[in-house]
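Data block below; observations after.
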Amino acid sequence: MNGLTIRWSLADAPEGTVAGLRDYIAETSHARFTGMSGLRFKTWRLREGEWFEGTYVFASDQARADFQESFAATAEQAPGSQIIGSPPVLIEECDIVAIAEGWDGFSATARG
């Protein structure tokens, strides 16, 4: 499967950055990616004081390539970059080897 990881460093991020990211995801980003054509799913991951990332799984190589090209061209102006105060430190394709849904099922929420 066609994965993509975009990661920002939070090592030098100003105070309030994590709250700003959480609000942005809940109020804007979650809705933007929900139902997005070519995207199977996206997760937002964070380790406070260390990093913040988006992990994407696309339906095809072309969908991933199109999104990656578009994002990379404007990465410095991306909302995550603006909130954090710096561009991503990593934009990396990957292969998603497998996905398992647990007994309790998948829950798509805007707040974790």
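Just so you know, all these numbers are worked out from the coordinates, no wet-lab data involved. Everything quoted here is computed from the prediction, not taken from an experiment. We place every Cβ from the backbone using ideal geometry, glycine too, and count neighbours over all the protein chains shown.
Report, ordered by the first and then the second residue, all pairs with beta carbons closer than 8 Å, sequence separation of six or more or different chains, a first member in the stretch 53-73 that is surrounded by 13 or more Cβ atoms within 10 Å (Cβ to Cβ), and a second member that is assigned to a helix (DSSP H, G or I).
Gly54/Gly80; Tyr56/Arg64; Tyr56/Phe67; Phe58/Arg64; Phe58/Phe67
Being assigned to a loop (DSSP other than H, G, I, E, B) and within 14 Å of the chain's Cα centre (by Cα) is the filter here; which residues of the stretch 82-96 pass it?
Scanning the stretch 82-96 gives Pro87, Pro88, Val89.
Would you be able to tell me the number of residues in the stretch 74-83 that are exposed (fewer than 14 other Cβ atoms within 10 Å of the Cβ) and either under 24 Å from Gly49 (Cβ atoms) or in contact with a strand residue (DSSP E or B) (Cβ under 7 Å, 6 or more places away or on another chain) (or both)?
2
Which condition number does Ala98 fail, the rest of (1) out of contact with any helix residue (DSSP H, G or I) (no Cβ under 8 Å at 6 or more places or on another chain); (2) under 15 Å from Asn2 (Cβ atoms); (3) of a type in the set (A, V, I, L, M, F, W, C); (4) touching a residue at least 12 places away in the same chain (Cβ under 8 Å) being met?
Every condition holds for Ala98 apart from (4).
What is the number of the single condition among (1) under 12 Å from Thr5 (Cα atoms); (2) outside any strand (DSSP E or B); (3) among the polar types (S, T, N, Q) that Thr109 does not meet?
(1)
Looking at Ser29, Ser86, can you tell me which residue is within 15 Å of Ala110 (Cβ to Cβ), polar (S, T, N, Q) and surrounded by 14 or more Cβ atoms within 10 Å (Cβ to Cβ)?
Ser29
Could you grab me the full set of residues in the stretch 66-95 that are out of contact with any Ser or Thr (no Cβ under 9 Å at 6 or more places or on another chain), of a type in the set (A, V, I, L, M) and over 21 Å from His30 (Cα atoms)?
Ala73, the sole residue that qualifies.
Here are the criteria: (1) without any contact (Cβ under 8 Å) to a residue 60 or more places away in the chain; (2) surrounded by 15 or more Cβ atoms within 10 Å (Cβ to Cβ); (3) β-branched (Val, Ile, Thr). Tell me which single one Thr5 does not satisfy.
(1)
Residue under question is Thr43, and the condition is that it be in contact with a strand residue (DSSP E or B) (Cβ under 9 Å, 6 or more places away or on another chain) and more than 17 Å from Ile84 (Cβ to Cβ); does it hold?
Here the answer is yes, as Thr43 does meet what is asked.
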